[in-house]
Amino acid sequence: MNGKIKTALIAALAVGGMLLVLFGGSFGTTDEKTEAPSEDGYVATLESELLLLCSSVRGVSKCDIAVTLERGFEYGYDSRGNVVTVKYPRVCGVAVVCGGGDVPQIKKELTDLISSLLGISSNQIAVSGK
């Protein structure tokens, strides 16, 4: 399997995993009070998924990733105080420090990968070498 196909497959699996983590519990109805998600948990999930994805790129090692959010979650409640809608925060920046991050080709590949995965522009992503 060539590198581009493998990278695309890994990216697709990572997106699927993130969607399951983020939206997996939102189907169906229940009378129990729904607990609202936390920003810290959301950021930790994004960072761990990005870490797995970036670490799988050829030439990348020992990644550290930081994600910043534009704002927090926004919630809509029903008359009983249950959370009925959740608007997830938008990512406003990602920083990656990794072995190989100073190589222009790897820097571009990581930037493109993160940009397409999170729907943010390349100027919101910083990649540096260790």
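In table form, for the structure just shown:
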| read-out | value |
| --- | --- |
| Output for region 64-78, where each listed residue is at pLDDT 90 or above and surrounded by 15 or more Cβ atoms within 10 Å (Cβ to Cβ) | 65, 67, 69 |
| Residue match in region 42-49 (condition: at pLDDT below 95 and exposed (fewer than 11 other Cβ atoms within 10 Å of the Cβ)) | no |
| Search result, residues across region 51-109 that are polar (S, T, N, Q) and in a loop (DSSP other than H, G, I, E, B) | 56, 79, 82 |
| Residue, surrounded by the most Cβ atoms within 10 Å (Cβ to Cβ), within region 79-88, restricted to residues that are under 20 Å from residue 39 (Cβ atoms) and of a type in the set (Ser, Thr, Tyr) | 88 |
| Selection from region 44-100 of residues that are under 17 Å from residue 124 (Cα atoms) and among the small types (Gly, Ala, Ser) | 66, 93, 95 |
| Hits in region 37-94 - residues which are farther than 28 Å from residue 130 by Cα and in contact with a Cys (Cβ under 9 Å, 6 or more places away or on another chain) | 71 |
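The values are calculated or read from the model by the stated rules, or taken from the named source; none is laboratory data. The structure presented is a predicted model; accordingly, all values stated were derived computationally and were not measured. Cβ coordinates were reconstructed from backbone atoms using ideal geometry, including for glycine residues, and neighbour counts include every protein chain displayed.
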